[in-house]
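A.B. asks: Please see the structure below; I have some questions.
The values are calculated or read from the model by the stated rules, or taken from the named source; none is laboratory data. Only a predicted model underlies this, so the values are computations on that prediction, with no experimental measurement involved. Glycine gets a Cβ as well: all are built from the backbone with ideal geometry, and neighbour counts include every protein chain shown. We work out accessible area using only protein heavy atoms, side chains counted, and drop any ligands, DNA or RNA first. Shrake-Rupley method; radii C 1.70, N 1.55, O 1.52, S 1.80 Å.
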Amino acid sequence: MKLPEILKRGYVQTIIMIVVVILVVLLFWYGLRFAFRTEYPILAVASGSMEPVLYAGDLIVVEGIENVSDVYVAPKDAEKPGDIVVYQGATELIVHRAI
């Protein structure tokens, strides 16, 4: 059989499509990791501790920083609140506001 005949078969086209989809998803994920300089560029909020700003189940985009001093910290009742940060807790990633 010649290559054009093989490529016309349905199962071959399905396999090619599956491989292409997997490659696109991997490129997207690793591209996000590179662009945002973080291991976890997209996270789901696990608890309601940040309500009414973030609700449990919300998806957030996380951007890595070079220097911790770049984080804006403000008192709890400040007019401009502090940055929202993600950090590694004892067993999971934690999302909170910098106070």
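A.B. asks: Could you please find all residues in region 1-38 being in contact (Cβ under 8 Å) with a residue 24 or more places away in the chain and part of a loop (DSSP other than H, G, I, E, B)?
C.D. replies: Correct list: Arg37, Thr38.
A.B. asks: Same structure, new question: Could you list, in sequence order, the residues of region 75-87 that are over 20 Å from the mean Cα position of the chain (by Cα) and open to solvent by less than 70 Å² (accessible area, probe 1.4 Å)?
C.D. replies: Answer for region 75-87, where residues must be over 20 Å from the mean Cα position of the chain (by Cα) and open to solvent by less than 70 Å² (accessible area, probe 1.4 Å): Ala78, Pro81, Gly82.
A.B. asks: Here's a follow-up. Any residue at all in region 54-74 that's among the small types (Gly, Ala, Ser), surrounded by fewer than 14 Cβ atoms within 10 Å (Cβ to Cβ) and in contact with a helix residue (DSSP H, G or I) (Cβ under 8 Å, 6 or more places away or on another chain)?
C.D. replies: Start the filter on region 54-74 by keeping residues that are among the small types (Gly, Ala, Ser), which leaves 56-57, 64, 69, 74.
Going one step further and asking which of them are surrounded by fewer than 14 Cβ atoms within 10 Å (Cβ to Cβ), we end up with 56-57, 64, 69.
Filter once more, so that each one left must be in contact with a helix residue (DSSP H, G or I) (Cβ under 8 Å, 6 or more places away or on another chain): 64.
Taking every residue of region 54-74 in turn, at least one turns out to be among the small types (Gly, Ala, Ser), surrounded by fewer than 14 Cβ atoms within 10 Å (Cβ to Cβ) and in contact with a helix residue (DSSP H, G or I) (Cβ under 8 Å, 6 or more places away or on another chain).
A.B. asks: Might you check whether a residue that is touching a Lys or Arg at 6+ places or on another chain (Cβ under 7 Å) and either surrounded by 11 or more Cβ atoms within 10 Å (Cβ to Cβ) or not charged (D, E, K, R) (or both) occurs anywhere in region 21-43?
C.D. replies: Applying the first criterion (touching a Lys or Arg at 6+ places or on another chain (Cβ under 7 Å)) to region 21-43 yields 39, 41.
Still in the running and either surrounded by 11 or more Cβ atoms within 10 Å (Cβ to Cβ) or not charged (D, E, K, R) (or both): 41.
Yes: region 21-43 contains one or more residues that are touching a Lys or Arg at 6+ places or on another chain (Cβ under 7 Å) and either surrounded by 11 or more Cβ atoms within 10 Å (Cβ to Cβ) or not charged (D, E, K, R) (or both).
A.B. asks: Looking at region 61-87, which of the residues that are part of a loop (DSSP other than H, G, I, E, B) and among the aliphatic types (A, V, I, L, M) is farthest from Thr38 (Cα to Cα)? Talk me through it step by step, then tell me what you get.
C.D. replies: Going through region 61-87, the residues part of a loop (DSSP other than H, G, I, E, B) turn out to be 62-67, 71-83.
Still in the running and among the aliphatic types (A, V, I, L, M): 62, 65, 71, 73-74, 78.
Numbers: Val62: 7, Ile65: 8, Val71: 15, Val73: 21, Ala74: 24, Ala78: 28 Å.
Checking each candidate, the answer is Ala78.
A.B. asks: Output the residues belonging to region 88-99 that are assigned to a loop (DSSP other than H, G, I, E, B) and either touching a Gly at 6+ places or on another chain (Cβ under 6 Å) or open to solvent by 70 Å² or more (accessible area, probe 1.4 Å) (or both). Break it down into steps so the answer makes sense when it comes.
C.D. replies: Narrowing region 88-99 to residues assigned to a loop (DSSP other than H, G, I, E, B): 89-92, 98-99.
Correct list: Ala90, Thr91, Glu92, Ala98, Ile99.
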